[in-house]
Structure formats: structure tokens, C-alpha cells
Amino acid sequence: MKKKLIEVALPLEAINTASAREKSIRHGHPSTLHLWWARRPLAAARAVIFAQMVDDPSSHPELFPTEEDQERERQRLFRLIEDLVQWENTTNKEVLNRAREEIRKSWRATCEENKDHPQAAELFNPDKLPAFHDPFAGGGSLPLEAQRLGLEAYASDLNPVAVLINKAMIEIPPKFANMPPVNPESRKQKDIAPGGWKGAQGLAEDVRYYGQWMRDEAEKRIGHLYPKIEVTEEMAKDRPDLKPYIGQKLTVIAWLWARTVKSPNPAFSHVDVPLASTFMLSTKTGKEAYVEPIIEGNSYRFTVKVGKPRNIEAAKNGTKLARGANFKCIMSEAPLKGDYIKAEGVAGRMSTRMMAIVAESNAGRVYIPVTKEMESIETQASPEWKPEVIISGSTQYLGVKPYGMEQFSQLFTNRQLISLITFSDLVEEVREKVHHDALAAGLLDDNRSLITGGIGATAYENAIGVYLTLGLGKCTDYWNNLCTWAPHGEYMGHLFTRQAIPMTWDFTEANPFSSSSGNWEGMLVWTVRVLRSLGMGQIGLSSQLDAQNQVTSCQKVVSTDPPYYDNVPYADLSDFFYVWMRRSLKVVLPDLFATLTVPKAEELVAFAYRHGGKVKAEEFFLNGMTQAMQRIMEQVHSTFPVTIYYAFKQSESNSEMGDRKSTRLNSSHRIR
């Protein structure tokens, strides 16, 4: 059996450098299509699959008889890999075609060597490369790069959010590759030559157009919940920075809130006191701004001041005394300890109070004190539906649960719920528009959906719905009550800065109709940029399958990145997005969104809370992972090594898994 390049050597420094550089690349990177945890770098995925399929020169002594000849040829392949892993060459046809030709050359040699095999016509067809499969597809880096390298790509995962991401990257774009957009605006353009839309560019243009329609329609329906704020003379009385804006109505980009609990001091037990981790709004030199609480008898209010606070440390600390849930009562200075705050939250007595408003102007951010009108909007907002789904999982990753936030509906303000519901419902409405326009553009009226293999108007409107739902998923990462404000940069952050749903004490509420962080149009731009670069490869298919029982790996090349013991609770975290995706797409993809939450019982992770303790959790993980590896080895194409990205959290588990591999896996299959 011929050795592949990956079994001998790789230009690791070049691959590592390119992989590290990817972390700083945002525009158009597939990772920005939708959040997923623990993605593999595209550069590494591309290099590994290439080296997994290309013969090492030592496998061809007839062509490279000496070690010097072999090393010279190996260095040539290394130079190709060094070009291949560069981000700029991700869609470079010349570089990709060179890589594809090397893969085909090795494959033709393999087919010639096996031409007398009893199944040669099926397994060793020189005109057809083997397909690729990743049974733990996750964020989709490996299937996408296999597709770029000229292979049919098959992705499977138990998690429906992962399956949807992979559908959007490898399955849908090739179906509608090189098609012009169907929206009426684009059809009127006369300056685009026939064949001017490459890959998924036409599809991307339709996502942009119909996403804009959704934004405009949503503003008509719920724009009153996001009014502009008028700067009054009263506001500017002690604020010279506001005087240029008197009489102007400024667009609000964020409302800043603090959670509150009842004061533990009996004298102020009627007062909801703030749990503010900071009062600073901007710490930029020369642009300092902060919230100042004003005590008025048995109550308090917030005002906004500019300039350096007299007590900078007090402003930076807010009402926080120490790390974690440790605060002080703004009325009495009494300590608010963690146990008290948790008890208040569990009892349903944790509330919120608006601290400040951030508006945009020609000169940058403008910080405005809270008005009664702005406060009343949230209290009057009444959503017609809520995702009343229990948040499952360990508090290690789901830090909101000890504070009484047990359902996903509690992670959103009422106004945010109304916005998410409105945009979610508009996904269904926009599909009707797409269907009408697709028929007018000449697409087939075959009444076949995306899941039944359709390529006509019905499948196309399904596809647009998928991308708009993924765009809404990106918004959900911002439209929740766990996003914080960054005073050093004057911007709002998103929830998933790490693989957890942590508790936050003060939070930022974004305006979907502004031009700042978290707005709908801005989120959709990321989706469109990614989509424009897709659809250039072979066909793809993404399916929801359990890796322990799948049969998709049959006679395919396999490279995969399985779950790492108990590193990430993918299913528990995915529910955050799933509850909204299901609302938008359960009609389009009924099988994928059949369950109320993401499947968890079969997920191959070693979490004690699911399996009655650490011992049983580890046994479940080891048994399941061994079975999953066995399924791969029973099916994989015999001429290619399997490549597995893996890192065990515990050394004893590593040893145990290694023992199981050596005794239960067919040693004739090479694992790298």
C-alpha cells in the first residue's frame, strides 16, 4: 500500500503560520457565516486532506529512484502546500487546480495499480475521485476544504445546528451555482453579461436583497419600539457636549441596563438596587463618560456625565465589591453577597433598570441620560411567544442558571423577543416573495423542496430561508440580555466570546435598525460575504447522523475532528440558537427540526451530569467513541489513511482510548 505524503512529512511551519493568521481574518471567512465552537483552521484542513490523498514520492521509486530525487519532489509538493494554505488562495483557481491535479495524478496511479481488483470499476475508477466524509462535521471546515479540492463532500453530525451550517456551506451553493439572482432589482440590470454570476454570487445577491426587504418590513412593524431620542435643552443644561444636538433626533444604537435586586437593608427593602459592574461608558482619553447614581431620599436615579470622574476607581467598579456576584447596596452600602443575589434571582425578584442611552452622531458616540419614554417602551412591550425551553447543562458552562434564569426566554428582554419573533416570521413571508420572483425568473415550478432534491423555485426559496435564518442566528448572539458594553472601545460585545453562557450584571440592548454593532443589516453582510466565495466545487450533502451508527463513510476518504472528552457542551449551547432556527425552518426542514431541543443523550461528550457521575460519563464516552472509530475503519476507502484531529483532556483517558484502538480497530487502516 502506497504511503501518502502525510505519513512521511509536512511543511508544518507554513501550515501553522497560515492557520494562526486565519484568526485575524474576518471578512468572507466561513467562520463568520454562523457561530460554531472549536472550528478547525481552513488552512490546516486543506493541507491535511491534500497530503492525505497525494502519494509520497517514496511510493514511486520508478519515478524517484534515489532519496535525493524523492526529497526534491517532496519539496516541490511542500511548495504547493505553502501556496495552498494561504488565505488569499482560498478561491484561487490556479492554485486549487494545481492541487486537484496532484490528487488526480496519485489517484490515477492507485487505480492503475488496482486495475485487476475484483471491484475495480466501482472502487478504482480513474475518472472519478472517491468522495469525502466527515462524521463529526461541526463547523464544516473539513468538508468545505475537501469540496474545494475537487471531492464530493459529505458532512454529518448529530447536532442540527452543525448540520444546517454545513448545508449552507457545501450542499446548497453547488445546487444553484452560476445562477443569476431572481430578485426583480437584479433582473432589471442590463450591464451584467450572461454567465457573469459565478459560484454562489447570484444566491448571495438574493440573500442581500431579500434580507434588506425583511429589514425594511420589520422597521414598519416594530420601529416604534426603537425610537430616536431628541436632545432637549434640559439634557444639555450641564452638558456642553450635547448643545450642538439640541432639537435633533439621534438614532439610538444601544440601551445600557443593570440587573437589580431588592436591597437587603430593611430600611430600603422596597428599592431595586443595581448590580453594576462598572459605571464607565467611555474610558477613551479625552472622551471619558460615565453614569452617576443620584440618591434622592428613598430612591435613586441615574444621570450621565462627561469628563474624568472625581473618583475614577469608584466609577470603574460600579457597585461591585469583588469578583463574582459580590456587590454593595447603592442606598445603604450594605454588601450584596452571592448567595443573597442567587436567592433573589431564584425567587423571581431580579429585575432590570436602564442606566444610559448611547446614540450616534456625526462626531461619534453620544451618551444621554435615561428618559421616561425610553424606560416605558420595555415595560409596554408584550411578545406573543417565548422560547420557554429549559436551559440544560452544567452551571460550569451555563452561568445564568444559579440566578433563576432557567429558560431561554429569560435571556432576552421583551423588546428583543418581539424583534426576534418579527424577523423569524418574516423569514417565512420572504420565502413566498422569493418563490414568486423565482418563477418569474424562469425557475422550475416543480414543487420539490430542498430536502427532496429540488432545484426549482420551491428549493430556491427554501435555500434563501436557510441563509436568512443563519443571519438571524448571528443577530441572536447580539440581541440578548447578556451582551456587555466595552468602555475602552465604545462598542457592544456579543454573547459567545467563549464556549459558555456566562452571567452578566449590566448588559447592552442593541438597535436592529441602527448602523452600529448588532444591527440586522450588518449581520447579514457577513453572511453574504461568505456566500459569495462558495459554490465553486463538487456536490455536497449534509445529514443528521449519529457517528456510532452512520454508513456514509463507505468507500470514502475520511478526515474528522471528534468532540474532545468534556471540553465543550455543544448540544447545551446550541439550544440557544436552535429554538429560533426551529421557529423559522421547521416547515422547510421538518426532520432536522423535529425535536424541541438539540439531541443530547447520544452526544459523545463525557459530562457527569448526564450520565450519573464521572465514571459512567467516561465509560459512555470511551465506548461511544470507540464504536464511532470502528464504524469509520470498517467503511473507509482502503487506499487512504484516516486523519483524526484529537486531544484528550485527561492523560488516563488517552491511554485507555489507545488501548481500545489497538485491540479493536483493524490495524491495516492507517490513522493519522
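The values are calculated or read from the model by the stated rules, or taken from the named source; none is laboratory data. Quick caveat: nothing in here was measured; it's all calculated off a predicted structure. Positions of Cβ are backbone-derived with ideal geometry, glycine not excepted, and every protein chain shown enters the neighbour counts. All accessible areas refer to the heavy atoms of the entire protein, side chains included, with ligands and DNA or RNA removed. Shrake-Rupley method; radii C 1.70, N 1.55, O 1.52, S 1.80 Å.
For the reader, a short list of remarks on this structure follows.
- Listing of strands (runs of 3 or more DSSP E) fully contained in region 494-599 that carry 2 or more residues being touching a helix residue (DSSP H, G or I) at 6+ places or on another chain (Cβ under 6 Å): 540-544, 557-560
- Residue within region 427-439 that is in contact with a Gly (Cβ under 8 Å, 6 or more places away or on another chain), among the small types (Gly, Ala, Ser) and at negative phi present: yes
- Of all residues in region 241-291 being in a loop (DSSP other than H, G, I, E, B), touching a residue at least 24 places away in the same chain (Cβ under 8 Å) and hydroxyl-bearing (Ser, Thr, Tyr), the one that is least open to solvent (accessible area, probe 1.4 Å): Ser263
- Selection of region 388-421 for residues being in a helix (DSSP H, G or I), aliphatic (A, V, I, L, M) and over 12 Å from Val579 (Cβ atoms) yields only Ile418.
- Of the candidates Asp56, Asp83, the single residue that is farther than 19 Å from Asp561 by Cα and in contact with a Leu (Cβ under 8 Å, 6 or more places away or on another chain) is Asp56.
- Within region 20-42, the set of residues being part of a helix (DSSP H, G or I) and in contact with a Leu (Cβ under 8 Å, 6 or more places away or on another chain) comprises Glu22, Pro30, Leu42.
- Filter pass, Thr352 being assigned to a loop (DSSP other than H, G, I, E, B) and of a type in the set (Val, Ile, Thr): no
- Of the helices (runs of 4 or more DSSP H) contained entirely in region 93-200, those carrying at least 3 residues that are of a type in the set (A, V, I, L, M, F, W, C) fall at 93-113, 120-123, 141-148, 160-166.
- Any hit, region 570-578, residues being among the small types (Gly, Ala, Ser) and touching a Pro at 6+ places or on another chain (Cβ under 7 Å): yes
- Any hit, region 607-615, residues being part of a strand (DSSP E or B), touching an Asp or Glu at 6+ places or on another chain (Cβ under 6 Å) and open to solvent by less than 40 Å² (accessible area, probe 1.4 Å): no
- Out of Ala177, Ala162, one residue alone is open to solvent by 10 Å² or more (accessible area, probe 1.4 Å) and touching a residue at least 40 places away in the same chain (Cβ under 8 Å). It is Ala177.
- Some residue of region 378-387 being of a type in the set (Ser, Thr, Tyr) and part of a loop (DSSP other than H, G, I, E, B): yes
- Of the criteria (1) closer than 19 Å to Pro641 by Cα; (2) outside any helix (DSSP H, G or I), which one Pro65 fails: (1)
- Scanning region 218-236 for residues that are buried (at least 17 other Cβ atoms within 10 Å of the Cβ), under 27 Å from the mean Cα position of the chain (by Cα) and assigned to a helix (DSSP H, G or I) yields a count of 2.
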